[in-house]
1. In segment 105-122, how many residues are part of a loop (DSSP other than H, G, I, E, B) and surrounded by fewer than 17 Cβ atoms within 10 Å (Cβ to Cβ)?
2. Of all residues in segment 53-105, how many are at positive phi and free of Cβ contacts under 8 Å to residues at least 12 places away in the same chain?
3. Of all residues being of a type in the set (G, A, S) and assigned to a loop (DSSP other than H, G, I, E, B) in segment 76-104, which is surrounded by the fewest Cβ atoms within 10 Å (Cβ to Cβ)? Just the residue, please.
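Each reported figure results from applying straightforward, stated rules to the coordinates on display, with no laboratory input. The model shown is predicted, which means the values in this text are computed figures rather than measured ones. Positions of Cβ are backbone-derived with ideal geometry, glycine not excepted, and every protein chain shown enters the neighbour counts.
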Amino acid sequence: MTMLKGSCLCGAVTYEVEDAFEAAFYCHCSRCRRATGSAFKPMALIKTGRLRLVQGEANVLIYGDPADTHDVHCGQCGSFLYSVIAENGNTHVAMGTLVDDPKVRPSFHMFVGSKAPWHEITDSLPQFEGLPG
């Protein structure tokens, strides 16, 4: 299995993840917008347990319950790295933190019903008002 490298902005936290993403997409929900400071969050979905921290575990800032759903940030530079979604066993990797090029490409937009009003989606990917059905 090909392993991909990922990192925060300052390099204090690095990870590796299998290049076995099940999907990639753009989330426009207000939570993802606030977490990233952007109009949307490009993320790649993989089963939890297929990503491991390589360096900087002591520098990780966890937002949420570490035993449940939570976001992982670098505690030094604040970079948002990934989310662990406990209820479905998935991890959503922030694609902008990947150093290596994954095979997967975003294939849809979700939560466009709550997208930033100042952002216009200009590609032809499918759009879902909420979660894809």
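1. 10
2. 1
3. That would be G89.
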